[in-house]
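What follows is a single structure, written as structure tokens, with notes after it.
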Amino acid sequence: MTNAPTTPGIVPARLDRQTLAANFSDVEPPMGAHEAVVAADRCYFCHDAPCITACPTEIDIPLFIRQIQAGQPEAAARTILDQNILGGMCARVCPTETLCEEACVREFAEGKPVEIGRLQRFATDTLMARDIHPYERAAPTGKRIAVVGAGPAGLACAHRLAMRGNDVVLMDARERIGGLNEYGIAAYKTPDDFAQAEIDWLMKIGGIATRTGVRLGETVTLQELRAEYDAVFLGIGLGAVNALGAEGETREGVRDAVDFIAELRQAEDLARLPVGRHVVVIGGGMTAVDAAVQSRLLGAEAVTMVYRRGRDRMSASEHELDHAATAGVRIITNAQPVAVHGNGAVREVEFAYTHDGPDGLKPTGETFRLRADQVFKAIGQTLADLPAGLSLCNGKIAVAGAGRTDLPGVWAGGDCTTGGEDLTVTAVAQGRDAAEDIHKTLNG
Amino acid sequence: MANLATEFLGIKSPNPFWLASAPPTDKQYNVERAFRAGWGGVVWKTLGFDPHIVNVNGPRYGAVWGADRQLLGMNNIELITDRPLDVNLREIKAVKRDWPDRAMIVSLMVPCDEESWAAILPMVEETGADGVELNFGCPHGMSERGMGSAVGQVPEYIEMVTRWCKKHTRMPVMVKLTPNVADIRNAARAAHKGGADAVSLINTVNSITSVDLDAMAPEPTIDGKGTHGGYCGPAVKPIALNMVAEIARDPQTAALPISGIGGITTWRDAAEFLALGAGNAQVCTAAMNYGFAIIKELTAGLSLWMDEKGYRSVDEVVGRAVPNVTDWQYLNLNYVTKARIDQDACIKCGRCYAACEDTSHQAISMSEERVFEVIDAECVACNLCVNVCPVENCITMERLPAGARDERTGQTVSDRYLNWTMHPNNPMAKAAE
Ligand SMILES: Cc1cc2nc3c(=O)[nH]c(=O)nc-3n(C[C@H](O)[C@H](O)[C@H](O)COP(=O)(O)OP(=O)(O)OC[C@H]3O[C@@H](n4cnc5c(N)ncnc54)[C@H](O)[C@@H]3O)c2cc1C
Ligand SMILES: Cc1cc2nc3c(=O)[nH]c(=O)nc-3n(C[C@H](O)[C@H](O)[C@H](O)COP(=O)(O)O)c2cc1C
Ligand code: SF4
């Protein structure tokens, strides 16, 4: 350890390797077999269960839990994967407290839902540990589909299309496939390179060719893809980031949170990853929480997350905010940045307190400053470029039904489209449903 | 504080909890530990003649578990004691000498001839034991040799052997009954006729707990084979309760003392046995499952409950529920109830709906908002919804008062007692008086 949490500036190695390893290990350890059976026994097997409706992929949750109870986690995994091929990742990253577990009648009854997320992980991990890929491809249809963007939407779409007998070319601008599974999700939610392990497992279906370093709009155009393939699916996510609109925003030390997170996820040695002593994160969503928490885990002495509205308006769930608080992140609400001060590099960020009234957000007139040698902007991602021929709706690609865009033969899903929350599980649902629609459209 | 001291067949014990004849009572070491823990008495593990029997050298227990591995039921293929007779007798004598205030009953199983019984009884008497229990119950192993349940299943044998025993000893004789019969009353009547001072029941229920699906053999599996064994523990309690009640309310055996056995695990189980006519309670599996320390819960629990209810002695509890055990034909058909769902307590799981809609009477409605309501016009009052509801007291059965209309039958509820023997649909009905 060469530095300490109190070392000024943006420096690596604030903590020793052992501490770093512990900090970035599984945030929720996996369940043991007995624990899983006991947890499964708490499920009431509700009629027309509310948890199913609350899951964007509509997994038959009571059924898979009953299968765990009956001693067959592998069968449970199939029930999960039938609906959600990235059930393993979702089990780790879904904000279950606002999805299935919020709907669980036991949450209502006693504030302790059935641990659906952890049970899902138990089932899918069991199956994957046995290296079973339970799906086979249908007879070849002879159809070729281009899937652009290899995040959860693209992966789910590609798998379902391949399973139905179509040939898929999965392309992505990045070096590695996986989208935010690989570059975005907090490291402690998916340790041990789970994202790639899951992709390897998913690819066992066959029929999916991958091409990385291919950027739509640069390397290839939508026009060309439409000409070459029978259909195109766009799952390109949100590639751009909102600007703060505060003075001094371009000072050294100010950075997009997603870039920091991507670097962290790709870092081979966390001890070499630099982080500030006084870190300020601006935003109130998952990205802000993840940037703040991971800065703390890297050893930043003081991390403050500042959100312009009230806590109830933050898109991060209570569970995540608690997690941030436990990690030692200070959360300030009702304050928006007005200026980034410093002499070259950032030294302070100035905020104005806000009042969220009937006619919008208004500064109260009172301001304050936070010491900062590093600032992360996490105030939302937006669509980078709208491919020609498509139209926008609320800043995203407009789609109807199961992801049909304005252009015939072009479907889209995931974060880049309207509809649903920007979550991994939503992307999976949309990719899957688009695949079924594409398959039906092409093959009757 | 309630007095738990009991006198059963004149045998005194500080509380009504005895350890049943089984591994917990197989030797001096265990029994002394039990007495130190506070058990009121023991029925010593069944004795037989030398050469002593041998047990299997592989597993002897099978089990049925709940989700958290709660032992719900257990079976065994153990035989009677596998130690020499004189060793057991010597130990019994020593224990009784050191623990004179505890009940010491000796369980016996010898071949079905008078000489055998005439030979063993004096040996037991010599130990100073308080009484004997005739093991006519074990359903496995010994029964193949014409003992245990092979005797207990034939009322004539029960009567005969009991009579021999009464003839050859002055000790109280208790006959332990097997539940593996069609009508337990015949066995109890036979024991009574033979002069038994009491019956004890139940011994274990013939069973196979599970099958090893890889070995394709019943469990416990001995070298690839398995056999039926005796089932005990919480799972058998309902069977035992009914059998105890059957004997208690049979006019022919109503006066016969009963020692209740079968699945007793907490004070409540014991209280239920007492209420149905048992004079005391024997415990085996619960002790094997948790150790002797459970006696503290049993005695403290029973005592607290008795205090709350104002019962001063165990005798005041014994048989209290027997008058309320009746035949189906005497149940009041004018007693009309309907299920009621407490909407504040309801957690909207829909289990009641699934149960009633799929398997009963379509008497629960479900709205878009998952509000579940009973449809009185369909509810037959079966109680299934109450039992499947995960929330205690969320669904209850409410009695319709006399004069109210039963929406299902369209009839006005009568306050007149009407049972099947009086019912107009009964071709044999006698006119109501
Ligand atoms: C920091 C962070 C943390 C998050 N944490 C969670 C969480 O814990 N739980 C949760 O449910 N959700 C979380 N999310 C949201 C979740 O990651 C996304 O909703 C999900 O990944 C969306 O999937 P997608 O397939 O639509 O897009 P992405 O995962 O963004 O994938 C899009 C892919 O398209 C590629 N691409 C983009 N443009 C082009 C182009 N022009 N040509 C070719 N390829 C292109 C990209 O390289 C990328 O691989 C988080 C998001 C972030 C940013
Ligand atoms: C391993 C085992 C061995 C038993 N051996 C005897 C026995 O030798 N003699 C006997 O009368 N009953 C024997 N029993 C039956 C018990 O005494 C008792 O009747 C039965 O287990 C039901 O009571 P429980 O549910 O409290 O266990 C045995 C039970 C078990 C579990
Ligand atoms: S008591 Fe029986 S019939 Fe009536 S509502 Fe309940 S389950 Fe249905």
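The values are calculated or read from the model by the stated rules, or taken from the named source; none is laboratory data. Given the structure is predicted, the values throughout are model-derived calculations rather than measurements. Cβ sites come from the backbone with ideal geometry, for glycine too, and all protein chains shown count toward neighbours.
Annotations for the structure displayed:
- Flag for B:Glu407 being of a type in the set (D, E, K, R), more than 16 Å from ligand 2 (Cβ to nearest atom) and not in a loop (DSSP other than H, G, I, E, B): no
- Segment B:351-392, residues that are more than 10 Å from ligand 3 (Cβ to nearest atom) and in contact with a helix residue (DSSP H, G or I) (Cβ under 6 Å, 6 or more places away or on another chain): B:Arg351, B:Met366
- Filtered residues of segment A:102-111 (kept if surrounded by fewer than 24 Cβ atoms within 10 Å (Cβ to Cβ) and either touching a residue at least 24 places away in the same chain (Cβ under 8 Å) or more than 14 Å from chain B (Cβ to nearest Cβ) (or both)): A:Glu102, A:Ala103, A:Arg106
- Residue match in segment A:54-74 (condition: within 14 Å of chain B (Cβ to nearest Cβ), within 25 Å of A:Leu180 (Cα to Cα) and either crowded, with 16+ Cβ neighbours inside 10 Å or without any contact (Cβ under 8 Å) to a residue 24 or more places away in the chain (or both)): yes
- Residue within segment B:93-102 that is in contact (Cβ under 8 Å) with a residue 40 or more places away in the chain, within 15 Å of ligand 2 (Cβ to nearest atom) and β-branched (Val, Ile, Thr) present: no
- Test: residue in segment B:345-360 that is in contact (Cβ under 8 Å) with a residue 40 or more places away in the chain and either more than 14 Å from chain A (Cβ to nearest Cβ) or closer than 30 Å to B:Gly310 by Cα (or both): no
- Residue check for B:Ala129: more than 18 Å from B:Pro51 (Cα to Cα), assigned to a loop (DSSP other than H, G, I, E, B) and aliphatic (A, V, I, L, M): yes
- Every residue from segment A:28-53 that is hydroxyl-bearing (Ser, Thr, Tyr) and loosely packed, with under 15 Cβ neighbours inside 10 Å: A:Thr53
- In segment A:400-417, the residue that is nearest to the chain's Cα centre (by Cα) out of those that are within 12 Å of ligand 1 (Cβ to nearest atom) and assigned to a loop (DSSP other than H, G, I, E, B) is A:Gly413.
- A:His323 meets the stated requirement of being out of contact with any Leu (no Cβ under 6 Å at 6 or more places or on another chain), not in a strand (DSSP E or B) and not aliphatic (A, V, I, L, M).
- Within segment A:266-284, tally of residues that are more than 18 Å from A:Ala302 (Cβ to Cβ) and in contact with a Gly (Cβ under 7 Å, 6 or more places away or on another chain): 0
- Test: residue in segment A:146-159 that is over 17 Å from the mean Cα position of the chain (by Cα) and over 17 Å from A:Asp230 (Cβ atoms): yes
- Residue check, B:Gly66 free of Cβ contacts under 8 Å to residues at least 12 places away in the same chain and closer than 30 Å to B:Lys225 by Cβ: yes
- Check on B:Ser200, among the hydroxyl-bearing types (Ser, Thr, Tyr) and modelled with pLDDT under 95: no
- Listed conditions (1) surrounded by fewer than 17 Cβ atoms within 10 Å (Cβ to Cβ); (2) among the polar types (S, T, N, Q); (3) more than 22 Å from B:Leu19 (Cβ to Cβ) are all met by B:Ser116, apart from (1).
- Any hit, segment B:159-167, residues being away from ligand 1 (no atom under 16 Å from the Cβ), out of contact with any Cys (no Cβ under 8 Å at 6 or more places or on another chain) and closer than 22 Å to B:Cys284 by Cα: no
- Residue match in segment B:213-226 (condition: more than 16 Å from ligand 3 (Cβ to nearest atom), at pLDDT 95 or above, within 14 Å of chain A (Cβ to nearest Cβ) and more than 24 Å from B:Val42 (Cα to Cα)): yes
- Residue within segment A:399-409 that is at pLDDT below 95 and β-branched (Val, Ile, Thr) present: no
- Hits in segment A:329-372 - residues which are at pLDDT 95 or above and not in a strand (DSSP E or B): A:Thr333, A:Asn334, A:Ala372
- Residue match in segment B:97-104 (condition: more than 19 Å from B:Met142 (Cβ to Cβ) and assigned to a helix (DSSP H, G or I)): yes
- Taking the listed residues A:Asp312, A:Asp322, A:Asp356, A:Asp373, the one that is surrounded by fewer than 18 Cβ atoms within 10 Å (Cβ to Cβ), touching a Gly at 6+ places or on another chain (Cβ under 8 Å) and not aliphatic (A, V, I, L, M) is A:Asp356, with no other qualifying.
- Of all residues making up segment B:361-387, the number that are more than 20 Å from B:Arg399 (Cα to Cα), outside any loop (DSSP other than H, G, I, E, B) and away from chain A (no Cβ under 12 Å): 1
- Given (1) in contact with a His (Cβ under 8 Å, 6 or more places away or on another chain); (2) not assigned by TED's automatic domain parsing to the domain that holds A:Cys416, number of the condition A:Arg164 does not satisfy: (2)
- All helices (runs of 4 or more DSSP H) inside segment A:45-145 with 1 or more residues being at pLDDT 95 or above and closer than 30 Å to A:Val410 by Cα: A:50-54, A:73-83, A:87-93
- Residue within segment B:167-189 that is away from ligand 3 (no atom under 16 Å from the Cβ), within 15 Å of the chain's Cα centre (by Cα), small (Gly, Ala, Ser) and part of a loop (DSSP other than H, G, I, E, B) present: no
- With respect to being on the phi < 0 side of the Ramachandran plot and assigned by TED's automatic domain parsing to the domain that holds A:Asp230, A:Ala123 falls outside the description.
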